[in-house]
Amino acid sequence: MSKIKIIAATGCPTGIAHTFMAAEALKIAAKKLNVDIKVETHGQVGIQNELSIQDIQDADGVIIAADKDVFADRFKGKPVIDVPVAKGIREAEALIQAIIDAKAPVFKAAKKEATLEEAEEYTSGNSFGRAIYKHLMNGVSHMLPFVVGGGVLIAISFLFGIHSAEPNHETYNPIAKFLKDVGGIGFQLMVPILAAFIGDSIAKRPGMVAGFIGGMMAYTGGAGFLGGIVAGFLAGYVIILLSKLLSGLSQSLEGLKAIFLYPVFGILITSLCMYFFVEPMTIINEGMKTFLSDFQGANPIILGLIVGCMSAFDMGGPINKAAYVTGTALLAEGNMYFMAGVSAACITPPFVTAFATVFFKHYFNQSERNAGLINFILGSTHITEGAIPFAAKNPIVLIPILMIASSISAILTYLFNVQVPAPHGGFLVLPVVTGAFQWVISILVGSLVGALAFGFARKISAQKKEMKNNLKQSA
């Protein structure tokens with residue numbers, strides 16, 4: 001009897017860690033269950049190990065473990081399990097077993113370039129909340145490279161002096177001005193790209209076009225990233241509505257719809273709606289920034305507690321991303337304090353697990369100790385997801401520890417008034433951090449407190465197991 005053949009596609013908003021962790025988990029589970037598997041990854045560098053038409057035809061089932069669009073239409077007619085990327089990491093074996101047991105439903109493609117009428121059916125086929133989250137994260141994943149690239153270039157410009165990009169200042173340097181200007185363009189594109197790819201996730205290219213225009217209106221009108229989110233969803237569902245209204249047209253006009261009717265009416269309706277949305281969204285956006293700025297100055301402890309808990313709760317998931325996206329949006333407005341706390345809170349979880357495996361190495365197996373050492377590198381480069389394999393084994397114990405540790409790091413960062421001008425990079429951006437020494441100390445204090453708590457928790461757990469084994473043997 002030939003082996004069952006499974007194909008999979010993984011992808012997360014940042015395309016850095018979750019994507020490849022899910023792929024690795026699926027490969028390990030497939031080997032254990034004696035199943036052939038090919039996993040396509042949708043990371044920041046693009047699609048790797050791409051599935052061919054033959055791969056899809058030969059597959060007995062498909063696993064989609066993704067929080068972004070992975071072009072699921074190709075799998076029409078195949079048994080498909082579609083889950084968040086985190087489940088691909090935690091429940092890989094169960095997902096493969098479901099394919100083996102023929103429990104996966106047959107997938108009905110919906111989002112086609114020329115026939116958008118079925119897109120609403122596709123969206124309603126999944127839980128509404130998950131569909132909304134996937135659309136949002138598709139926008140975030142495409143936005144991040146602009147934010148990171150632009151932010152790091154702006155940060156490098158500060159190496160010449162904080163005011164070195166200002167022509168009238170005595171420290172003016174043309175290279176610094178060039179770097180800051182180019183980085184600023186990346187930040188200016190942040191909101192339009194976010195909106196465009198939310199629209200693209202909902203209604204493909206016509207949604208992207210209308211979303212980009214709506215996003216530009218949000219950016220130029222001051223509505224910020226909240227306005228961009230509204231523009232993206234508005235554009236996508238405007239195109240869905242248009243596709244239903246125009247569904248009675250002759251098949252010969254199908255090409256005309258895609259190249260003329262959808263773009264023209266999609267842009268017109270989206271922009272008209274955004275005209276009325278921009279002002280209230282601008283008020284909300286400014287209000288949010290004022291609220292956070294007030295907390296920053298008046299009560300950094302509460303702000304640090306909020307940021308720390310959000311960043312460590314799901315480590316790269318929607319709550320973590322809410323804090324991160326808020327930080328990048330405020331960074332684009334010139335607020336470098338908020339992102340400092342977010343970065344500290346995101347760096348802390350992998351450090352907690354890394355230090356714990358060093359200080360309490362007897363309570364971790366060799367595989368965990370190896371993962372801990374790797375987490376020193378992941379933490380140093382702002383990759384929170386390195387802590388996920390540890391948290392997945394005992395989330396009830398470890399996640400609260402990580403939330404407390406990250407909160408301590410964020411609170412200390414705000415108390416020290418640290419400024420981080422780059423949205424990513426971890427310790428690689430230390431040369432441009434204002435208060436770099438205090439920032440490192442803040443992160444280390446939070447990480448060491450968390451590591452001690454985690455280590456003692458593992459020690460207590462090991463002692464309890466030993467006591468149980470002794471009681472069994474004596475009985």
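The values are calculated or read from the model by the stated rules, or taken from the named source; none is laboratory data. Worth saying up front: this structure is predicted, and the values here are computed from it rather than measured. Reconstructed Cβ throughout: ideal geometry from the backbone, glycine too, with neighbour counts over all protein chains shown. Heavy atoms of the whole protein, side chains included, go into the accessibility calculation; ligands, DNA and RNA do not. Shrake-Rupley method; radii C 1.70, N 1.55, O 1.52, S 1.80 Å.
Tabulated results
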quantity	calculated
Residue 20, sole failed condition from (1) under 27 Å from residue 200 (Cα atoms); (2) touching a residue at least 60 places away in the same chain (Cβ under 8 Å); (3) not charged (D, E, K, R)	(2)
Any hit, region 425-435, residues being open to solvent by less than 10 Å² (accessible area, probe 1.4 Å) and in a helix (DSSP H, G or I)	yes
Filter result for the condition that a residue is of a type in the set (Ser, Thr, Tyr), touching a residue at least 60 places away in the same chain (Cβ under 8 Å), over 14 Å from residue 328 (Cβ atoms) and surrounded by 20 or more Cβ atoms within 10 Å (Cβ to Cβ), over 243, 141	243
Which listed residue, of 416, 437, 376, is among the aromatic types (Phe, Trp, Tyr) and at pLDDT below 90	376
Residue, surrounded by the fewest Cβ atoms within 10 Å (Cβ to Cβ), within region 85-99, restricted to residues that are in contact with a strand residue (DSSP E or B) (Cβ under 7 Å, 6 or more places away or on another chain), within 20 Å of residue 134 (Cβ to Cβ) and touching a residue at least 60 places away in the same chain (Cβ under 8 Å)	95
Selection within region 436-475 - under 29 Å from residue 340 (Cβ atoms), of a type in the set (Gly, Ala, Ser) and surrounded by fewer than 17 Cβ atoms within 10 Å (Cβ to Cβ)	436
Filter result (modelled with pLDDT of 75 or more and surrounded by 15 or more Cβ atoms within 10 Å (Cβ to Cβ)) within region 302-322	303, 304, 305, 306, 307, 308, 309, 310, 311, 312, 313
Checklist (1) in contact with a Ser or Thr (Cβ under 8 Å, 6 or more places away or on another chain); (2) closer than 14 Å to residue 454 by Cβ; (3) surrounded by fewer than 17 Cβ atoms within 10 Å (Cβ to Cβ) applied to residue 358, failing item	(1)
Residue among 179, 194, 159, 189 that alone is on the phi < 0 side of the Ramachandran plot, among the aliphatic types (A, V, I, L, M) and at pLDDT below 80	159
